[in-house]
Amino acid sequence: MQTNKLTDVAIRKAKVEAGGRTKLSDGGGLYLELHTNGSRYWRMKYRFAGAEKRLAFGVYPEVPLADARRRRDEARRVLAAGVDPGEVRKAEKAAKVAKAEADRLAAEGVAVPGTFEFVAREWLAVVHREKVSDGHAARTEIRLRNDVFPWLGARPIDGIEAPELLQCLRRIEGRGAIETAHRVKDACGQVFRYGIAIGQCTRNPAADLRDALRPVPTRHLAAIVEPKRAGELLRDMMGYEGHAVTRAALALSALLMLRPGELRQMEWRWIDFDAAMLSVPAEVMKRRKADKANGVPHLVPLAPQAVATLDDLKPLTGHGRYVFPSLLTGERCMSENTVRGALRRMGYSNEDATAHGFRAMARTMIAERLEIAPEVIEAQLAHQVTGSLGRSYDRTQFLEQRREMMNKWADYLDRLREGAQVISITTRVA
């Protein structure tokens, strides 16, 4: 088959009859279509899968003869490989359109579809915010926005490899934020798993980094768990010279075994004085978002000492919503720094005692000194439980045992405060 039959001279001399069009063949399917208005279009005719098709190569002379031949030869090579050059052309045009749109979105600061940031933001909105608290979701978004998006956000998610993600995490490690690095890795892993589910990527490179980060240093919130020191703390709390409401908050921190946030938000309507029971709504508890919305309240049996403390508080704060209102305005609950600040003023540093440490004190000393079954203690602490006991305790489980335990714990604290010698049953010599 003869090719390259045309010349520029022949093209310029070619004439078109009025109302018609002329085709000048160059061979190999390439021809120049001449119109009466002077327009001259490059076309290529070919057959694929038994059907006749055409490609457009542009307008002469903007596309010169040499360029038209080059495009023909490229199309014939694609055709020889068993691929339709027309479909290749459509794919190339679609890619150009997609790139132009991506460039426009990037210039406007908007995440581009298919990129890590786009998939991550979709995961945050569709999955993560539905499962966790608003505060948890906000922290996750901040970590991704600050520590991942600047380096990997604009990358196609299916092109990110484990070493690139590790380099990103190493930056976080480099500033000493080891725990944050692990949290970011876990969040990225969830983004990649979501990307796999929606067809945006095929693998999760975060899974390859399981042992690549430095381990998180074990840190325990300071807690006093020795009877003698606990007695000293209780006496200091009883003699606290600050606000009476704060003194009551200290006392109930030890008695009720609540998390600091649950204690601060306590409302008078939660308390049934006749039944000696505190009922903490599910939405206040540390639970999954679904459990906050649909879970049962956490019940806290009130020992006589706790009831007496609350009775003493009633004249001070019983007219308002909160048992522990803000000392500045009663419209909000007590600040998270109030109990911590009281401990500091009594001379206990952050390494000695914390507001959360009262829970650890109770968990340790009840088990060691009062010989209460661990599952009863865990139920009162509202800890989630896995294994044969189920995903989490029904908060009414062991209720009678918990009431007995809370009374014993309050009596034990009284003995410690009074300076009585309390000997561990487990270490008593017969």
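The values are calculated or read from the model by the stated rules, or taken from the named source; none is laboratory data. Bear in mind the structure is a predicted one, so any value in this text is a computation, not a measurement. Glycine also receives a Cβ, built like all others from the backbone with ideal geometry; neighbour counts cover every protein chain displayed.
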TODO: Would you mind telling me which numbered condition in (1) crowded, with 16+ Cβ neighbours inside 10 Å; (2) out of contact with any Cys (no Cβ under 7 Å at 6 or more places or on another chain); (3) closer than 30 Å to residue 132 by Cβ residue 383 fails?
DONE: (1)
TODO: Being farther than 15 Å from residue 30 by Cβ, within 51 Å of the chain's Cα centre (by Cα) and surrounded by fewer than 12 Cβ atoms within 10 Å (Cβ to Cβ) is the filter here, so list the residues in region 50-95 that pass it.
DONE: 80, 81, 82, 90, 91, 92, 93, 94, 95
Open item on the list: Restricting to region 181-234, count the residues that are among the aliphatic types (A, V, I, L, M) and farther than 19 Å from residue 157 by Cα.
Closed with: 12
Open item on the list: Exactly one of these conditions fails for residue 157: (1) under 16 Å from the mean Cα position of the chain (by Cα); (2) buried (at least 18 other Cβ atoms within 10 Å of the Cβ). Give me its number.
Closed with: (1)
Task: Sole residue being β-branched (Val, Ile, Thr), out of contact with any Ser or Thr (no Cβ under 8 Å at 6 or more places or on another chain), free of Cβ contacts under 8 Å to residues at least 60 places away in the same chain and at negative phi, chosen from 157, 178, 172 - done: 178
Open item on the list: I'd like to know if region 192-200 contains one or more residues that are within 30 Å of residue 119 (Cα to Cα), in contact with a Phe, Trp or Tyr (Cβ under 6 Å, 6 or more places away or on another chain) and at pLDDT 95 or above.
Closed with: yes
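Residues checked against (1) assigned to a helix (DSSP H, G or I); (2) closer than 24 Å to residue 339 by Cβ; (3) outside the structural domain of residue 251 (by TED's automatic domain parsing):
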| position | (1), (2), (3) |
| --- | --- |
| 180 | yes, no, yes |
| 193 | yes, no, yes |
| 217 | no, no, yes |
| 234 | yes, yes, no |
Task: Filter pass, residue 262 being part of a helix (DSSP H, G or I) and either more than 20 Å from residue 358 (Cα to Cα) or under 28 Å from the mean Cα position of the chain (by Cα) (or both) - done: yes
Task: Candidate set from region 308-343 (those that are surrounded by 17 or more Cβ atoms within 10 Å (Cβ to Cβ) and among the aliphatic types (A, V, I, L, M)); member that is nearest to residue 250 (Cα to Cα) - done: 339
TODO: Considering each residue of region 130-154, count those that are in contact (Cβ under 8 Å) with a residue 12 or more places away in the chain, surrounded by 14 or more Cβ atoms within 10 Å (Cβ to Cβ) and in a helix (DSSP H, G or I), and give that number.
DONE: 10
